[in-house]
Each structure stands twice: as C-alpha cells, then as structure tokens.
Amino acid sequence: MSASAPGRAARTVPFLRSLARHARTPVRAFEEASDRARGELVRLNMGPFRPYLVTHPDHVQHVLRRNQSNYLREGMFWDPLAPLIGNGILSDGPTWADSRAILQPLFTAKYVDALAGRMAGIMTELIETVMVPGRPFDIAESVSAIVHPTIVRLLLGAKLPAADVDRLAPAYDTGVTSRSIRLLLPFVPQGFPLPGDRAFKRAIRTIDDVVYPTIRHARTQAQEDGDVVSALCRARHGDVGADGDRRIRDDLVAIHGAATETSATALTWVWPVLDAHPEVAAKVYEEVERVVGAGPVTTDHLPRLTYLRMFLEELLRLYPPGWILPRTARADDVIDGIRIEAGSTVVLSPFLTHRLADWWERPLDFLPERFAPADQAHGGGRRHRYAYFPFAAGPHVCLGPHLFMMEALLLVAGVLSKYRPVLDDSGPVTPRPASTLRPATGLSMTLVPVGRR
C-alpha cells in the first residue's frame, strides 16, 4: 500500500436503490454493499456523493494506524454532530492530542479498577430500583436508567442534582438520534433544514444548561474532589474564561456521551440475544448462578465471569455500537492499488468487517466460544488484528473498553443473579442505525424472579 503510485480507480457498487429498498432498515443496504465488495475497497454510488467503503482488515489498518494522520474525523457523521461533541477528544489535530494527554490517565485499567467498588454499589442500588419484576418495561429506557446515572455519579461525583441527571439522559439520547437522517444524506448542506434539527438544538441547550454550571462550580473545588470533571478543571486551570470552559465542556460531554450512549446501546442488545440463543443463555445463567449466587455482584466476582465476558465480546462483534467510522482523506493516497483523492470520504464499519467470512468462521452465528482465552477452534488463530475493532483502533482507539466491560459485567450479572428475562415479543430484532447501532424501538421484556419460572 504505497501512496507513491498513481493507483487505479475503485469499482463502484450500487447503493441508492438498495437504500431506498431498505428505507426502514438502512443497515441492510450497507450489508448488501459489503457482500458485493467481498473485502475489496469500492465506492458506494449515492448519486452526488460516492464514499469509499473500507472493510478488509488490511485496509482498516492502513486508515486507522499506518496512515491515520491522513484520515481525519471530519465530514460525514462528524460535522452534523460537531455542535454536540465539540472540539476535544472526539476531534482531530492538536486539540485532540491535548485532550488525549489529559484524559488517558483517567481511563487506565488501574484507575478504572479503583472505581469498581463504587460502581458495583451504585449499580446494585439502581438495579433494585429500576428493574421491577412481573411487568413489561422498555429495555432501552431501563438500561439507560441504570447506565446513565452510574456514569454521571462516577464522572461528576455528587455535583449534579438528581433533576439535572434526569434531564441529561434524554438530551443525550435526542442528540445522537435526531440527526440520523443526515448520516444517510451527507450531501445535504448543513444549512438546509431537515427533520430532527430543532430537537438536536434543544438537546444541546439542555446539555449546556447542565454542564456549564457544573464546570464553574468544579473550578472552585478543583483541588479537593477526585472525579473526572475536577481532574479536567485542574489540568486546564490555565485555560480561563469562556474558551477554557468550552474546552472542558467538549471533553466532558464527549466522554460522558461515549461512556453512556455506547454502553447503554450495547447492553440493550444483551436481552434479545439471550432470547434468540437459549443454549448460550443457559451457559450464561449457569455461570452467574455458580459465581454470584443470589448476589449482590462484587468486584471479586468479575474475574470468574469468564463465559459472560466471552458473551459480551461476541455481542460487540455482531452489534458494535460504533457501527460506522467515516474519515476524510486530507491528501491523495493509495490503498491496495486503489487511488483515494484528497477530500474523499472513506467509510469504515466494524459491523461489516466483523461479519467477513474470510476472517470469521460462521460469521453470522453467535458463538462466544470464539473468544475463549485458549480456544482456537473458531478461527482465533488466523484472525487479523484489525478484523475486530469494536472500540475503533490506532491512536484514536476509545479510552473506555475497560470501563465498559466492568459496567457490562456488573449490570448483566446483577440482573441475572435475581431474574430471568422474558422478551414480550420474541423473534428477530433488526438493527436501526443512528450514530450508534440500536435495536428496533419499543423492545420490551418482563423479568421473572429466579426460582419462580
């Protein structure tokens, strides 16, 4: 993959008609395009907009690692969300590097492990409050009602009143879903109004109304408290005034949103997957009963929940929350002989790469055993490093995989130590893409206490 050669033009595959045919489930159009590409780097014919689709692990590695400085988080996906995520850890260039240096020490395994006891206590309390057995409830709303306040209390300590915590969750949800139409229509100018734009602006106002006063308060307490917002204030104590507050706001909103939205989205998939795979569910239930018993789950239990960890890794393979990772080429490049022009959009997708038959045996089957530490029976020995990247990869790899796995183990084991889930509408669940990959709306279940089935 040399950028010195002129390169040849990429093959173009149809996309618009497929997108129209799958208007309610546009992720299917991307699957069809990936099937046509078969790992080859191709262009998607979207009329005036023809992005490159990148699925082969070698090509993913080139974009995210070998020549990552040429592929910026700009354009499609990023520009519509820029007013929400800001110009910090989810941006590019010097502002990203500055934010990364400040935030990375706060998300090491050692630091996150120190939060485990607090997280376990918060989740145990919330599961008791939110997960009421014997009556149907919306899965996405209930998972969010656990994940969101847990992360808020860990990141912000006791700084936010309960009413403000309750305002943030729906505002974030609206922020990441209201502009999903722009993800599929990136050629529409930002100034041209589309459905969802007004809701998006209202969501940002709500978030800012909560976050900015929190920052101003934390600045006066920055030497005393140990939460993330105080750490950001200490690190940026020389950045004063509105610009300094904006830098802290951007990092806090980006980290908060990533830690809550992606985690809640992934954990919403747990329950339909357990329902669809009873043989897998039986192994998960057996391990939770054996390791945790009646609960509550503690940090001592986590290392022994090995099958549940494998289950969650396989969940992230088939249903990665960050399902699409667009980039904009800053300069001309050549990938595997294909010419990439400066200014072009390249679209990477963990959702598609994770389903390539060349790298995954029985790629559409849900097989947690493929992630067994010592098991190579399902192709682990020949797996490319960039065939699995649910948290992105390279210098921009997500800071929070360890945090996600901890909260996922605590939440799922905490619920299953007491209850068994029964989906109210059993059957296949179709992904609906926004900025994250979500199950269809209205998915509900009922919890049955263990021993009363």
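Quick notes
- For segment 352-364, the criterion of being over 30 Å from T12 (Cβ atoms) and charged (D, E, K, R) is met by at least one residue.
- Failed item, numbered, when H396 is tested on (1) farther than 23 Å from G257 by Cβ; (2) open to solvent by 10 Å² or more (accessible area, probe 1.4 Å); (3) not β-branched (V, I, T): (1)
- Against the numbered list (1) at pLDDT below 95; (2) over 23 Å from the mean Cα position of the chain (by Cα), R28 comes up short only at (2).
- Qualifying residue in segment 382-395 (condition: under 30 Å from V284 (Cβ atoms), touching a strand residue (DSSP E or B) at 6+ places or on another chain (Cβ under 9 Å) and of a type outside the set (F, W, Y)): yes
- Scanning segment 122-137 for residues that are open to solvent by 30 Å² or more (accessible area, probe 1.4 Å), in a helix (DSSP H, G or I) and of a type in the set (A, V, I, L, M, F, W, C) yields a single hit, V130.
- Criterion: open to solvent by 40 Å² or more (accessible area, probe 1.4 Å) and either farther than 30 Å from T150 by Cβ or touching an Asp or Glu at 6+ places or on another chain (Cβ under 9 Å) (or both) - qualifying residue of D92, D79: D79
- Summed over segment 162-187, the residues that are at pLDDT 80 or above, in a loop (DSSP other than H, G, I, E, B) and not charged (D, E, K, R) give a count of 1.
- Verdict on P363 being touching a Lys or Arg at 6+ places or on another chain (Cβ under 6 Å) and not β-branched (V, I, T): yes
- For segment 336-355, the set of residues classified as closer than 30 Å to P6 by Cβ and open to solvent by 20 Å² or more (accessible area, probe 1.4 Å) consists of D336, G337, R339, E341, A342, G343, listed by residue number.
- Leading residue by the ranking (farthest from L53 (Cα to Cα)) among those in segment 338-359 that are in contact with a strand residue (DSSP E or B) (Cβ under 6 Å, 6 or more places away or on another chain) and in a loop (DSSP other than H, G, I, E, B): A342
- Residue within segment 265-277 that is of a type outside the set (A, V, I, L, M, F, W, C), in contact with a Lys or Arg (Cβ under 8 Å, 6 or more places away or on another chain), over 17 Å from L410 (Cβ atoms) and at pLDDT 95 or above present: no
- Those residues of segment 392-404 which are assigned to a loop (DSSP other than H, G, I, E, B) and under 13 Å from M119 (Cβ atoms), in sequence order: G400
- Some residue of segment 416-430 being open to solvent by 10 Å² or more (accessible area, probe 1.4 Å), closer than 23 Å to S178 by Cα and under 18 Å from the mean Cα position of the chain (by Cα): yes
- Residue under evaluation A276, criteria (1) within 15 Å of P321 (Cβ to Cβ); (2) hydrophobic (A, V, I, L, M, F, W, C); (3) open to solvent by 10 Å² or more (accessible area, probe 1.4 Å), criterion not met: (1)
- Cross-chain or 6+ apart pairs with Cβ under 9 Å, segment 355-382 first and under 13 Å from Y307 (Cα atoms), then outside any loop (DSSP other than H, G, I, E, B) and modelled with pLDDT under 70: R370/G380; F371/G380; A372/G380
- Test for R327: is it of a type in the set (K, R) and open to solvent by less than 20 Å² (accessible area, probe 1.4 Å): yes
- Among the residues making up segment 86-121, those that are out of contact with any helix residue (DSSP H, G or I) (no Cβ under 7 Å at 6 or more places or on another chain), in a helix (DSSP H, G or I) and among the small types (G, A, S) are A97, A101, A114, G117, G121.
- One residue from R247, R216, R198 being open to solvent by 80 Å² or more (accessible area, probe 1.4 Å), among the basic types (K, R), under 30 Å from F49 (Cα atoms) and in a helix (DSSP H, G or I): R198
- Qualifying residue in segment 276-285 (condition: more than 30 Å from N70 (Cβ to Cβ), among the hydroxyl-bearing types (S, T, Y), more than 23 Å from the chain's Cα centre (by Cα) and assigned to a helix (DSSP H, G or I)): yes
- Members of segment 138-165 found to be more than 21 Å from the chain's Cα centre (by Cα) and either open to solvent by less than 30 Å² (accessible area, probe 1.4 Å) or not hydrophobic (A, V, I, L, M, F, W, C) (or both), listed by number: G157, K159, L160, P161, D164
The values are calculated or read from the model by the stated rules, or taken from the named source; none is laboratory data. The structure presented is a predicted model; accordingly, all values stated were derived computationally and were not measured. So basically every Cβ, Gly included, is an ideal-geometry build from the backbone, and we count neighbours across all protein chains shown. Heavy atoms of the whole protein, side chains included, go into the accessibility calculation; ligands, DNA and RNA do not. Shrake-Rupley method; radii C 1.70, N 1.55, O 1.52, S 1.80 Å.
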